[in-house]
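Some notes on the structure that comes next.
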Amino acid sequence: MASNTLTIIDNRTGKKYEVPVENGAIRAMDLRQIKVGDDDFGLMTYDPAFMNTAACKSKITFIDGDKGILRYRGYPIDQLAEQSTYLETAYLILYGELPTQAQLNEWHDNVIHHTIIHENIKKLMDGFHHDAHPMGMLVSTVAALSTFYPDAKNIFDEELRRKQTWRLIGKMITLAAFAYRHSIGMPYAYPDNDLSYTGNLLNMMFKMTEVKYRPHPVLEKALDVLFILHADHEQNCSANAMRSVGSSHVDPYSAIAAAAAALYGPLHGGANEEVLHMLQQIGSIDRVPEFIKKAKAGEGRLMGFGHRVYKNYDPRAKVIKRLADQVFEVTGVNPLLKIALELERIALEDEYFVKRKLYPNVDFYSGLIYQAMGFPLDMFPVLFAIPRASGWIAQWEELILDPEQRIARPRQLFLGHAERPYVPIVKRK
Ligand code: SDX
């Protein structure tokens, strides 16, 4: 009768071990019993970049990389993109169920009534150089929020956690918009809580001298769909940062600053900005083959292509590609689109990319939409961080409430020097 175990024979000692298999995994700690002698620490697993290591159990987001499936709490991403809103999806990701109308109204009001930031944050913003990257400003100012809300340290107080959640989600759009307005030397535009979440962001970013800013409904809706698509993505690099830093029981503002810093990297959320730099560098369709040839030779990467989990088309990229048509009807087609389409066409036929299962990811087309909507390139990672805040908070809450979780502290395989005596400087060669 097949049993849910692994039988391991250690050929160094001939000993046999039975290790239970649970949820398709074995516990790394079950390997520590495998030793060659009494003073042996026991067997560890070695997995740089966690290519095959589950660091947690989660019920938030499910991805099937081979089938290109993405679901938040069981709901397929294309149905949420089609029928939900970002704030409703954020509620789902955070609390596990779609809200009733009453719950959604209360949630919306709680978030929208926390969009205003302490006036002292403006002094912090004003201290940045005029050309400071807005993502650097966001990372810094989110961390600074922890100094304004010391009660956030009470991470096991559910009511206080909920209040920090409203503050964080509400204030992300304000911090983002203020960073943008600082970078273009414009006065800050304050939240207008009559507007939707994304309408309010557009208002704080683009309001000029009009008494009331009115967002274009197509662009407001498109941004909301993009926020749904970016809200969570299970154990990505920044979620891992959120969980690792959060495992020290620091406040959520400080943990989110760490997650946003991870997202800033060009291999992660910074890729959407890098895609546009790449398309601008290519410059024309006829230079696409030459660029692909260089990428295949290892001279640079096809930004917006490839994914650690998706070995099929990123389902979010499919939705974004459809969304682009709606936006371009309003804004005019982004001239770089044809280069992106040619790049995709060639790459999807080329053995190098096919063999490595490199498909467009969420970042490949999103930047074309953001640019067409009038966002500058350096705001693109910020537009990724805003919606991902709900995913980061959900991952963090799941972590601190998981009885199995403790402070994250990986082991290492030490390959350095054995003990050696100190050498006085006069005797050093
Ligand atoms: C996001 O994890 C998430 O869920 C992230 C994210 C989320 O929602 O949180 O989905 C958001 O970060 C999307 C990814 C955005 N990044 C980029 O678009 C940057 C370009 N892509 C790559 O750098 C890369 O594909 C990663 C970082 C996304 C994944 O890296 P892996 O899984 O570590 O893959 P790898 O670097 O080991 O590459 C495997 C092979 C290598 O070739 P060989 O060494 O086998 O010869 O594929 C090649 C790589 O050189 N390769 C690429 C490539 N990506 C991988 N070659 C050219 N262009 C690329 N984009």
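The values are calculated or read from the model by the stated rules, or taken from the named source; none is laboratory data. Keep in mind the model is a prediction, meaning the values are calculated, not measured. Here the Cβ is made from the backbone with ideal geometry for all residues, glycine too, and neighbour counts use every protein chain on show.
Do the conditions hold for Q405, that is, is it within 30 Å of W166 (Cα to Cα), crowded, with 19+ Cβ neighbours inside 10 Å and within 40 Å of the chain's Cα centre (by Cα)?
no
Looking across the range 97-109, the residues that are farther than 19 Å from G170 by Cα and within 26 Å of the chain's Cα centre (by Cα) come down to E97, L98.
Condition check ((1) aromatic (F, W, Y); (2) in contact with a helix residue (DSSP H, G or I) (Cβ under 9 Å, 6 or more places away or on another chain); (3) surrounded by 11 or more Cβ atoms within 10 Å (Cβ to Cβ); (4) at pLDDT below 95) across all residues:
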position: V19; (1), (2), (3), (4): no, yes, yes, no
position: A28; (1), (2), (3), (4): no, no, yes, no
position: G42; (1), (2), (3), (4): no, yes, yes, no
position: Y46; (1), (2), (3), (4): yes, no, no, no
position: S58; (1), (2), (3), (4): no, yes, yes, no
position: F62; (1), (2), (3), (4): yes, no, yes, no
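Rundown of residues vs (1) within 12 Å of T174 (Cβ to Cβ); (2) free of Cβ contacts under 8 Å to residues at least 40 places away in the same chain, yes/no style:
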{"residue": "V111", "(1), (2)": "yes, no"}
{"residue": "T115", "(1), (2)": "yes, no"}
{"residue": "N120", "(1), (2)": "no, yes"}
{"residue": "D131", "(1), (2)": "no, no"}
{"residue": "M135", "(1), (2)": "no, no"}
{"residue": "S140", "(1), (2)": "no, no"}
{"residue": "F148", "(1), (2)": "no, yes"}
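All of (1) near the ligand (Cβ under 10 Å from one of its atoms); (2) part of a helix (DSSP H, G or I); (3) surrounded by fewer than 20 Cβ atoms within 10 Å (Cβ to Cβ) hold for F364 with one exception: (3). The residue of the range 226-264 that is surrounded by the fewest Cβ atoms within 10 Å (Cβ to Cβ), among those that are away from the ligand (no atom under 14 Å from the Cβ) and of a type in the set (V, I, T), is V250.
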